[in-house]
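Reading through the C-alpha cells given below for one structure.
The values are calculated or read from the model by the stated rules, or taken from the named source; none is laboratory data. All figures in this text were calculated on a predicted structure; none of them were measured in a lab. Here the Cβ positions follow ideal geometry from the backbone for every residue, glycine too, while neighbour counts run over all protein chains shown.
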Amino acid sequence: MKKLFISFAAILLSCVAAQAQQALWSRANVVSPQINDDGSVTFRLNAPQADKVAVAGDFTTKDGKDIGYGEMTRDEKGVWEFTTPPLRSELYSYTFLVDGVRMCDPSNVYINRDVASVMNILITDGDRGDLYKVNDVPHGSVKRCWYDSPTLGKQRRMTVYTPAGYEQGKEKYPVLYLLHGAGGDEEAWMTLGRTSQIMDNLIAKGQCRPMIVVMTNGNPWQQAAPGESAAGMTQPAMKFDPSQKSFEEAFGDVISYVESNYRTIRKKEARAVAGLSMGGGHSFNISRMYPDKFDYVGLFSAAVGGVKDADVAASLAAQRDKGFKLYWIACGNTDFLYGANKDYMKYLDSIGFPYTYRESDGGHIWRNWRIYLSEFAPMLFAK
C-alpha cells in the first residue's frame with residue numbers, strides 16, 4: 001500500500017510538473033519593452049480577450065514633447081502593441097491599462113514602488129540614462145542599518161552608501177545626508193532616485209568626490225519602510241502624526257550614529273544635507289537649526305515656508321551670519337511648489353542670504369530629482 005501511495009504521488013508530481021512546463025512553453029513569445037535603435041520603445045501585451053489596452057507612462061520625446069498615454073493596437077494573435085517616438089535618454093516608469101484596469105507589464109520584471117503605486121521601469125541609452133545604469137566601474141556598497149533614536153524613543157532604519165574602496169581603506173569621508181519626500185522612506189532615493197548608480201558613475205568619471213551618502217527615514221512615526229519593521233506589511237501611505245516629535249528635532253540621533261559607526265570627517269565643511277519636497281523642507285529646517293553642522297544645503301522642489309515666523313527668521317539670519325559654502329535651490333517650472341520657492345527666494349534676497357538657483361522644465365517628479373542629485377553632488381566638498 002505504501003509503495004502504491006508513493007507511486008501515485010510520483011505520477012501526480014510528474015503531471016503537475018508537465019503542466020507547469022507546458023504553461024511555461026506555451027506562453028506567447030512577447031518582448032516588452034523593446035528599446036529600438038532610434039531610441040523609440042515598443043510595448044507589447046498578450047491579452048487576446050481584452051477590448052482596449054493602453055500604456056501610461058512619463059515619456060519625453062527627443063524634441064521635448066511629453067507622452068503620458070498611448071493606445072495599443074491588437075494583431076491577429078491577440079498581442080497588443082504600441083511604439084513611442086524616439087525618446088530622450090532617461091529612466092521611465094509605465095504601466096498598462098487593460099479595459100480600465102491598471103497592471104504591470106508581465107514581460108518586464110523591473111519594478112519600482114512609489115508610495116503605494118507599483119510601476120515598471122526602463123532606461124534608454126545616452127548620457128542621462130547611462131548615468132542611471134549599472135556600468136562596469138568600481139562599485140560602492142549599500143547597507144540597511146538600524147540605529148537608536150532616543151529623541152523619538154524607538155529603533156529606526158536608514159540606508160547608507162559607502163564609495164568603492166571604503167571597506168579596504170582607512171580614509172575618512174565627507175557625508176551627504178539625502179532626504180526623501182512625503183510618502184517615501186529610506187528606500188526611495190535608492191530605488192527611485194538611483195543614488196548608488198549615480199554616485200558610482202560620477203565618482204568613476206572623476207566628476208564627484210567620493211563620499212558617504214546617508215538616506216534616512218523622514219517619517220518620525222515610522223521605524224522603517226512598509227514591510228521592514230515590526231509593524232508588518234502595512235499599506236504605504238502619506239500620513240503625518242503631530243503627536244510625534246519632529247524629524248528635525250531627532251536629526252542629531254542620525255548624525256551621532258553615522259559619526260560613531262563610519263569613518264567620517266567630523267567638520268562642517270564635510271557635511272551636506274539635501275532633500276526633495278518634504279525632505280527639502282526638512283533640509284531647510286535642519287540646516288537653520290544646526291547652522292554649525294552643514295556647509296552645503298540642497299533644496300530640491302522643497303516644501304518651504306514659515307519665514308514670517310520670528311524664530312524662523314532669526315535662525316535664517318544666524319545661518320547667514322555664520323556662513324556656508326553652498327545653498328542650492330532647484331525647482332521645475334511647472335512644479336506645484338514653484339511659487340513657494342520663488343517667494344522663499346524673494347525673502348532670502350531681502351535679507352542678503354546668498355544662494356544658487358537652478359530652474360528646470362517639468363514638475364514634481366523623480367526625473368527632476370535625479371537630475372538635481374547628479375548636478376548637486378559634484379559641487380560638494382571641494383578640496
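Put simply, of 332, 352 the only residue that is touching a strand residue (DSSP E or B) at 6+ places or on another chain (Cβ under 7 Å) and either surrounded by fewer than 17 Cβ atoms within 10 Å (Cβ to Cβ) or closer than 25 Å to residue 208 by Cβ (or both) is 332. Of everything listed in (1) farther than 25 Å from residue 375 by Cα; (2) not assigned by TED's automatic domain parsing to the domain that holds residue 371, the single unmet condition for residue 148 is (2). The stretch 53-149 holds strands (runs of 3 or more DSSP E) entirely within its bounds, and those carrying 3 or more residues that are under 30 Å from residue 260 (Cβ atoms) and either under 21 Å from the mean Cα position of the chain (by Cα) or of a type in the set (Val, Ile, Thr) (or both) map to 141-149.
Taking each residue of the stretch 108-119 that is assigned by TED's automatic domain parsing to the domain that holds residue 365 and looking for partners that are surrounded by 12 or more Cβ atoms within 10 Å (Cβ to Cβ) with beta-carbon atoms closer than 6 Å, six or more apart or interchain, yields nothing.
Restricting to the stretch 171-186, count the residues that are modelled with pLDDT of 95 or more and surrounded by fewer than 23 Cβ atoms within 10 Å (Cβ to Cβ). Don't jump to the end; show me each part of the working.
Here is the first cut: in the stretch 171-186, the ones modelled with pLDDT of 95 or more are 171-180.
From what's left, surrounded by fewer than 23 Cβ atoms within 10 Å (Cβ to Cβ): 171-174.
Of the residues in the stretch 171-186, 4 are modelled with pLDDT of 95 or more and surrounded by fewer than 23 Cβ atoms within 10 Å (Cβ to Cβ).
Within the stretch 361-380, how many residues turn out to be crowded, with 17+ Cβ neighbours inside 10 Å, over 16 Å from the mean Cα position of the chain (by Cα) and under 20 Å from residue 197 (Cβ atoms)? Number of matching residues: 1. Would you call residue 212 over 27 Å from residue 250 (Cβ atoms) and surrounded by 21 or more Cβ atoms within 10 Å (Cβ to Cβ)? No.
On the basis of being at pLDDT 50 or above, under 24 Å from the mean Cα position of the chain (by Cα), not aromatic (Phe, Trp, Tyr) and not in a loop (DSSP other than H, G, I, E, B), does residue 42 make the cut? For residue 42, the condition - at pLDDT 50 or above, under 24 Å from the mean Cα position of the chain (by Cα), not aromatic (Phe, Trp, Tyr) and not in a loop (DSSP other than H, G, I, E, B) - is not met.
Among the criteria (1) polar (S, T, N, Q); (2) assigned to a loop (DSSP other than H, G, I, E, B); (3) surrounded by 15 or more Cβ atoms within 10 Å (Cβ to Cβ), the one residue 159 does not fulfil is (2).
Residue-by-condition table, conditions (1) within 18 Å of residue 379 (Cβ to Cβ); (2) assigned by TED's automatic domain parsing to the domain that holds residue 270; (3) over 13 Å from the mean Cα position of the chain (by Cα); (4) not small (Gly, Ala, Ser):
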site: 179; (1), (2), (3), (4): yes, yes, no, yes
site: 182; (1), (2), (3), (4): no, yes, no, no
site: 185; (1), (2), (3), (4): no, yes, no, yes
site: 190; (1), (2), (3), (4): no, yes, no, yes
site: 216; (1), (2), (3), (4): no, yes, no, yes
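Table: residues versus (1) at pLDDT below 55; (2) surrounded by fewer than 14 Cβ atoms within 10 Å (Cβ to Cβ); (3) assigned to a helix (DSSP H, G or I).
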| residue | (1), (2), (3) |
| --- | --- |
| 4 | yes, yes, yes |
| 9 | yes, yes, yes |
| 12 | yes, yes, yes |
| 15 | yes, yes, yes |
| 18 | yes, yes, yes |
| 24 | yes, yes, yes |
| 30 | no, no, no |
| 37 | no, yes, no |
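With touching a Cys at 6+ places or on another chain (Cβ under 7 Å), in contact (Cβ under 8 Å) with a residue 12 or more places away in the chain and within 19 Å of residue 176 (Cα to Cα) as the only criterion, which of 301, 277 stands out?
Answer to the selection: 301.
When residue 115 is tested against (1) touching a Ser or Thr at 6+ places or on another chain (Cβ under 7 Å); (2) of a type in the set (Val, Ile, Thr); (3) at pLDDT below 95, just one condition goes unmet, and that condition is (1).
Restricting attention to the stretch 188-228, the residues that are in contact with a strand residue (DSSP E or B) (Cβ under 7 Å, 6 or more places away or on another chain) and not hydrophobic (A, V, I, L, M, F, W, C) total 10.
Restricting attention to the stretch 82-139, which residues are closer than 16 Å to residue 53 by Cα and of a type in the set (Ser, Thr, Tyr)? Correct list: 83, 84, 94, 95, 107.
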